[in-house]
Amino acid sequence: RVRPNRELEGREIVEVFVPKTRVLLFAGGPTREYRFLRNQLRRDEGMIVDVMLQMAQTGIAQEANEILFDFPSDKETLYKYDCIVAFDPDWRELDENQISLLEKWVAEEGGGLVVIAGPVCTDEWVHDRKSEDLLRKVRALYPVEFKQHFAILDDSKFDNAKPRRVRMTPYGEDSQYLWLSDDRIESTRRWDEFEGVYGYYGVDGAKPVAQVLARLEDPDALSPTDAPVFMVSQFYGSGRVLYLGSGEFWRLRSLDEGYFEVLY
């Protein structure tokens, strides 16, 4: 915006307005990862954060700019968001219109989608054969291939007694948005200090067009590329989707509270 400045002999002042980033936190339930990220974004003056909790009771109080009680079902509502972070949601609660709208938001509007697997809903919708047709577009958005079973088996591995370290791949090490500092070497050192996560959702692997950013340390793996994938990214149309095998990066706070904030 340009406006004249009468006090400076006809000179003009250029005012630069930087739009705020709008984020929707879409969660099956109020996990720790969800709560820490919600609080962080609420403190950030450059962010507008709305939330939708599928398991929330009517009238529940949430720290957010707006509380949604249903996933957006029209372009005017959905397309205002720059990013959606989905914490172990039950995609079966969305209808065909909402899912199609989400897919177009990513593919055509360049939306950024973060999908986080969890122990409550992920395995339920992945192996729900009755909802296969409804969830076809959701599966296409995910940068990982889910395991196929003749019978419904639980691929959740969220009850490990010991943590597994998160090991960045060369592609992950080159991805500056995953750095925990401004320097690659220092960031690698900080990731090496992280004891890891206690759970993850098991998948067959990454899709051919996707990039594996991180795997979990596995002493039984025949080679590093056989270890379970944990962070995977793919471009989808003009947008991008990031997959996390579980929502446990809040554990980075045990090393330094700033690590979690820098990462997100």
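Restricting to the chain, what percent of DSSP beta bridges are antiparallel, rounded to 5?
45
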Expressed in square angstrom to the nearest 10, the accessible area of Glu109 with a 1.4 Å probe stands at 100
Could you state the accessible area per residue of region 25-117 in Å², with a 1.4 Å probe and every protein chain left in place? 46
Order of exposure, largest accessible area first, which applies to Ile185, Ile84, Ile48 with probe 1.4 Å: Ile185, Ile48, Ile84
Under 1.5 on a/c is rounded, so check that first for region 79-181, then, if it is not, pick prolate when a/b is larger than b/c and oblate when it is not; a ≥ b ≥ c are the square roots of the alpha carbon gyration tensor eigenvalues. oblate
Angle in degrees between helix 96-107 and the longest Cα principal axis of the chain, rounded to the nearest 10: 70
Between helix 32-43 and the chain: long-axis angle, C-alpha atoms, 0 to 90°, nearest 10: 10
Within region 40-55, what residues put their amide N at less than 17 Å from the label point 7 Å along the Cα-to-Cβ vector of Arg253? 40-44
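As a test of the formula, what do you get for the chain when each DSSP H run with n ≥ 4 contributes -39,500 (n - 2.57) and the sum is divided by the residue count, at 222 nm and rounded to the nearest 500 deg cm²/dmol?
-6000 deg cm²/dmol
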For region 154-213: rounded, prolate or oblate by the Cα gyration tensor [a/c cutoff 1.5]: oblate
Based only on Cα atoms, what Rg/Rh ratio does region 186-264 have, Rh being taken as Kirkwood's radius? 0.98
Kirkwood Rh in Å, taken over all unlike Cα pairs in region 11-129: 15.4
Listed by chain and number, the residues whose amide H is under 5 Å from that of Thr169, excluding neighbours fewer than 5 places away on the same chain and using placed H, are Ala214, Arg215
Mind checking which of Thr77, Thr31, Thr169 has the largest fluctuation in a GNM of the chain, springs on alpha carbons under 10 Å? Thr77
Cα long-axis angle, helix 184-193 against the chain (0 to 90 degrees, to the nearest 10): 50
Cα-centred dipole magnitude for the chain, charges only on beta-carbon of K, R (+1) and D, E (-1), debye, nearest 20: 200
Rounded, prolate or oblate, given the Cα gyration tensor of region 80-131, with a/c below 1.5 counting as rounded? oblate
Please compute P(r) over all alpha-carbon pairs of the chain, binned at 10 Å starting from zero, and give each bin as a whole-number percent. 6, 27, 35, 20, 7, 3, 1, 0
Apportionment of accessible area to carbon and sulfur, the chain, percent (1.4 Å): 48
Which order do Asp50, Asp70 take by accessible area at a 1.4 Å probe, largest first? Asp70, Asp50
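The values are calculated or read from the model by the stated rules, or taken from the named source; none is laboratory data. Owing to the predicted nature of the structure, the values given are computational and were not obtained by experimental measurement. Here the Cβ is made from the backbone with ideal geometry for all residues, glycine too, and neighbour counts use every protein chain on show. Surface accessibility is based on the protein's heavy atoms, side chains included, excluding ligands, DNA and RNA. Shrake-Rupley method; radii C 1.70, N 1.55, O 1.52, S 1.80 Å.
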